[in-house]
Amino acid sequence: MIDLSLILPFHNEATGLRQLFQRLYPVLSGLGLTYEILCIDDGSTDRTFDLLQHERQFDNRIRIIRMARNFGKESALTCGLHLARGRAAITMDSDLQHPPEVIPQLIKKWREGVEMVYALRNNRDTDGQLRQLFSRVFYMVFRSIADIDIPEGAGDFCLLDRKVVDAVNTLPERNRFMKGLVTWVGFKHDTVPFDVAPRMEGVTHWNFFRLLRFAFDGISGFSTLPLRIWTWGGAIVSFMALAYGIYLTLRTLMFGVDVPGYASVMVGILLLGGLQLLSLGIIGEYLARVFTEVKARPIYFIAERVGFEE
């Protein structure tokens, strides 16, 4: 078994690939550890896979996986953890927003006996105002309703001891929220701060709607509170409707029948109709996740491996 597995997911990162490895090599060489670099090409449509093969000519410790299609970053990280051979594994982005120079700090914590080391971002200067607000709200909501506590600012840049890797690899779910899964398994953890760098090349593939979907995946994967809210909400509305019905009955018996107001009827119908549709939508989201899990399809398919025959 080697000491360290570095897991790098790639999706159309050809323009910045050479700069990434130019910064990685001196950092990894200075660790005094045996290592491998697992490069997961997640269905890139540019020259990423060809450039990774070219990079392997300089260092045969690079091992390359080409996915059959774009399965998503969470699937790519899962694939990397499945194939990692190291006594520890580091997952990080390949766009250089996760600086390779932070790796020695993660290794230092690991050598001190910490089994899970999060790299926490100090700043969000590279994000827009809307994305920063959305991130703060997500962490606040997640900590309030989920059964785990993800440190705010934690992402996919982290070090996992072999015990943590083996534990995460036993988790079978298809809707994967890796930050949550890594936190859920437990073990001794600590943090290392870092400053997020701007992307060297290219543009982010995460727009607001993908982030919103990803956030709901995380919440629905670790909390059933959104379902319980509608149970209590339905009970409260039913009680209010019953009380109002009794009030109308008594008023009619005492004072006779008056002409009902059109506005109040329409407001009541629209309000209750909207609440019903919203509750059905949330139930549908959970049902869709159950459907995905029951089908038990593989999380990913590998089209090609380079460097694994050794």
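The values are calculated or read from the model by the stated rules, or taken from the named source; none is laboratory data. Just so you know, these numbers come straight off a predicted model, no measurement behind them. A quick note on method: Cβ atoms are made from the backbone with ideal geometry, for glycine too, and the neighbour counts reach across all protein chains shown. When the accessible area is computed, the model is the full protein with side chains, heavy atoms only, and any ligands, DNA or RNA have been set aside. Shrake-Rupley method; radii C 1.70, N 1.55, O 1.52, S 1.80 Å.
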Segment 82-93, subset surrounded by fewer than 22 Cβ atoms within 10 Å (Cβ to Cβ) and touching a strand residue (DSSP E or B) at 6+ places or on another chain (Cβ under 8 Å), residue modelled with the lowest pLDDT: D93
Members of segment 36-48 that are surrounded by fewer than 21 Cβ atoms within 10 Å (Cβ to Cβ) and at pLDDT 90 or above: none
Residue pairs meeting the criteria (Cβ under 7 Å; at least 6 apart or on separate chains; first open to solvent by 40 Å² or more (accessible area, probe 1.4 Å), in segment 16-29; second assigned to a helix (DSSP H, G or I)): R23/P100
Residues of segment 44-84 classified as assigned to a loop (DSSP other than H, G, I, E, B) and within 19 Å of D156 (Cα to Cα), total: 4
